[in-house]
1. Restricting to region 391-434, name every residue that is small (Gly, Ala, Ser) and over 16 Å from Ala62 (Cα atoms).
2. Restricting attention to region 354-363, does a residue exist that is in a helix (DSSP H, G or I), assigned by TED's automatic domain parsing to the domain that holds Val107 and more than 22 Å from the chain's Cα centre (by Cα)?
3. Going through region 364-391 one residue at a time, which ones are of a type in the set (A, V, I, L, M) and more than 20 Å from the chain's Cα centre (by Cα)?
4. For region 285-303, does any single residue satisfy the condition of being under 22 Å from Val107 (Cβ atoms), out of contact with any Lys or Arg (no Cβ under 9 Å at 6 or more places or on another chain) and of a type in the set (A, V, I, L, M, F, W, C)?
5. Can you give me the number of residues within region 187-232 that are without any contact (Cβ under 8 Å) to a residue 40 or more places away in the chain and on the phi > 0 side of the Ramachandran plot?
6. List the residue pairs whose Cβ atoms are under 6 Å apart, where the first residue sits in region 422-443 and is within 27 Å of Ala90 (Cα to Cα), the second is among the basic types (Lys, Arg) and modelled with pLDDT of 95 or more, and the two are 6 or more positions apart or on different chains.
Amino acid sequence: MIDRTHLARLLDRERGLFRERNPRSAAAYEQARGHLFGGVPMTWMNKTAAGFPLYLAEAHGARVTDLDGHEYVDLCLGDTGAMAGHSPRATVEAVADRFGRLGGATVMMPTEDAAWVGAELGRRFGLPYWSFSLTATDANRWAIRLARAITGRPKILVNSYCYHGSVDEVLIVVGPDGRQVSREGNVGAPVDPTVTSRVVEFNDLPALERELAYGDVAAVLMEPALTNIGIVLPEPGYLEGVRELTRRHGSLLINDETHTFSAGPGGCTKAWDLRPDIVTIGKAVGGGIPSGGYGLSAEVAARIEAMDGLDLIDMGGVGGTLAGNPLSVAAMRATLEHVLTDDAFTAMTELATRFAKGVEEIIGDHGLPWSVSRLGARAEYRFTSPAPRNGGESNAAGDPDLDDYLHVYLANRGVLLTPFHNMALMSPATTEADVDRHHEVFAAAVAELVA
């Protein structure tokens, strides 16, 4: 249905317009190439639809302004890291008070805020004992170590095309022939991931049962819904089946709620009444300040405490000098207490519903075989219908040129999506007008595409 030659012309036009609009960002990028590896502070910032990244000048609420003075409706929100909005007032005030008035960004001493945050995360996710990190990647690494320690088993099982940060064990997929292989582009893997991991497709209970039957899986590490390969929702009964199978085969269940936190105040775990053994989280929980953590069930905590020989204090491989620092914990408390509240999630979810409905109407008006998936405050459009049911299908449905066209078209008209896929995230600062502006530009982009 899409004329690829026409798409190529449109994409070339939009990239040219992007270059014309953003000379200061282009100049900053060229200058940085002499000092920064890849020309950016972190190499993933090179994921751009137009050849160079926009450079940030300011960010407040659901708006960002680039170096050339263009303001954008930000539906990317730091790929979830800024789901609370950019620099939310309560978080800014708490961080300024901690760092400026009280002092002490990192002193290797606890603060009273930490117990409050642990209790609040326990209320939201249903797990009573928490420990903190600075990233969800570290929370996942440490949770994996604890799972191996208490089960005595070597392997971790994940879903194909999952995302759990840069954890070595998760960079494994189900290949086209059904075999388990290292994910394409895996950089400097310490060992072949098939040595440390097993992998199955999301929504595939028979495959999960087959792999767990080997008896060597310490834990299933999963998102309750896939997010980073595009939103893939669980089919009815799937998550209940995962929980039953993990218990039957003696494997722990770790829910990574870093992205699926969008489902509600307690993520999918609370919204769908899940019962994991461990929950990991990061990104949004600190309102943009590096923060993360893992929560343990009472049973898992007791099993760990009953084991002799685990060094959980110094060099046992769990923890970090800066983890749980006063600044990070103050940010988490302020964000959870005042910004990402129960009421805020209700409003954010309503906006995401508005977003999804509007996109569906535009797609339907043009008879496109696309679909929309939504997870609480997060929504995404896909270039296939029905929506993919697992990571492999979702990966196969990707269309990089179409992604780039829509991303750069939107950016040229003041709307930002997540650069890795077509995800739009709502924050407490996002408005109906922001959503409607996306629809206005998206409708124009689609109309030109199918003309």
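1. Gly391, Gly392, Ser394, Ala396, Ala397, Gly398, listed by residue number.
2. Looking through region 354-363, none of the residues is in a helix (DSSP H, G or I), assigned by TED's automatic domain parsing to the domain that holds Val107 and more than 22 Å from the chain's Cα centre (by Cα).
3. Correct list: Leu368 only.
4. The answer is yes; a qualifying residue exists.
5. 1
6. Leu425/Arg378; Val435/Arg354
Yes/no per residue for (1) modelled with pLDDT under 95; (2) not in a loop (DSSP other than H, G, I, E, B):
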{"residue": "Val300", "(1), (2)": "no, yes"}
{"residue": "Leu312", "(1), (2)": "yes, no"}
{"residue": "Val329", "(1), (2)": "no, yes"}
{"residue": "Glu337", "(1), (2)": "no, yes"}
{"residue": "Glu380", "(1), (2)": "no, yes"}
{"residue": "Ser385", "(1), (2)": "no, no"}
{"residue": "Arg389", "(1), (2)": "no, no"}
{"residue": "Leu402", "(1), (2)": "no, yes"}
{"residue": "Tyr409", "(1), (2)": "no, yes"}
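Listed here are the residues, each with its yes/no results for (1) under 22 Å from the mean Cα position of the chain (by Cα); (2) of a type in the set (Asp, Glu); (3) assigned by TED's automatic domain parsing to the domain that holds Leu375.
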site: Cys268; (1), (2), (3): yes, no, no
site: Glu299; (1), (2), (3): no, yes, no
site: Thr321; (1), (2), (3): no, no, no
site: Val329; (1), (2), (3): yes, no, no
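The values are calculated or read from the model by the stated rules, or taken from the named source; none is laboratory data. The structure displayed is predicted, hence computed values, not measured ones. Virtual Cβ from ideal backbone geometry, glycine too; neighbours counted across all protein chains shown.
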